Amino acid sequence: MAAANNFLKMEKAHRNYIRTAHPFYYDTKKIVCLYIPGEFEFMQPTLIAILKEKVEDIYRRGLLW
């Protein structure tokens, strides 16, 4: 099984969870927080649009991959 090299997290709390529960990964992997609140339903069109915009920006800026 291959391990992830990068993590995208929607909320700061998700990123902070990795920091406290899995400090090794927090220190050795690249983690990008999208700062998207967890108020959306699964596959909600608004959420999909926000995710698309944020992930495209991350690619453009070369933050991951």
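The values are calculated or read from the model by the stated rules, or taken from the named source; none is laboratory data. Here the structure is a predicted model, which is why all the values come from computation and not from measurement. Methodologically, a virtual Cβ is constructed for each residue, glycine included, from the backbone with ideal geometry; neighbour enumeration extends over all protein chains shown.
Within the group ILE36, ILE31, which residue is in contact with a Phe, Trp or Tyr (Cβ under 6 Å, 6 or more places away or on another chain) and not basic (Lys, Arg)? Before the answer, list the steps.
Values: ILE36 fails: in contact with a Phe, Trp or Tyr (Cβ under 6 Å, 6 or more places away or on another chain).
Among ILE36, ILE31, only ILE31 is in contact with a Phe, Trp or Tyr (Cβ under 6 Å, 6 or more places away or on another chain) and not basic (Lys, Arg).
Looking only at segment 26-34, decide whether some residue is out of contact with any strand residue (DSSP E or B) (no Cβ under 8 Å at 6 or more places or on another chain), at pLDDT 95 or above and of a type in the set (Val, Ile, Thr). Steps first, please.
Restricting attention to segment 26-34, the residues satisfying the condition of being out of contact with any strand residue (DSSP E or B) (no Cβ under 8 Å at 6 or more places or on another chain) are 26-28.
Those still in the list that are at pLDDT 95 or above too: none.
No, there is no match, as no residue in segment 26-34 is out of contact with any strand residue (DSSP E or B) (no Cβ under 8 Å at 6 or more places or on another chain), at pLDDT 95 or above and of a type in the set (Val, Ile, Thr).
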